[in-house]
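> Just passing along the structure, written as structure tokens.
Since every read-out is calculated from the coordinates, none of them should be taken as a lab result. Predicted, not measured: the structure shown is a model, and the values here were computed from it. Methodologically, a virtual Cβ is constructed for each residue, glycine included, from the backbone with ideal geometry; neighbour enumeration extends over all protein chains shown.
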Amino acid sequence: MTNISENAPEGQPTRGRGRPKISPEKKAESAAVLRQRNPTKLIPETQAIHSRFFQAFNFLLNSTDGPKIKSTYDFVKKYGINHGNFSKLKADPEKFALPVIYLFYLVDDFGISAHWLLTGEGEMIN
């Protein structure tokens, strides 16, 4: 049986199973990237979608006719969402990214327009 590291390119250090060693500089760079906030949350379009989601959510929460969300608790319980995380998402949109599946819930179960959620164009309700 041959050692996998024997097949490594010349001059390339390896560690178990033939994987290349990661330099300390590369590790530090990767760690710095992981510590940064998710840049997609800072894109204006992402923030606008987040805002429209909660605009539609509040509309359904306060709705007297048609599709309605009874309470935030009922919504998070129905979809298995952590209530604390949902509250943080609502309170601090710049810190937390909105999971795409939440948009699907409003579109599929409550008749909110996907086009409106994503672009802000057209009517909120299909």
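> Would you mind counting up the charge near Thr72? Only other residues with Cβ under 12 Å from its Cβ, with Lys and Arg at +1 and Asp and Glu at -1.
For residues surrounding Thr72, the net value is +3.
> Which one of Pro93, Thr64, His50 has its Cα pushed farthest toward the positive end of the charge dipole of the stretch 40-122, where Lys and Arg give +1 and Asp and Glu give -1 at the Cβ?
Final value for the positive-end residue is Pro93.
> Let me ask something else about it. Can you spot the lysines whose alpha carbon is less than 19 Å from Lys95's alpha carbon? Ignore those fewer than 8 places along the same chain.
Lys41
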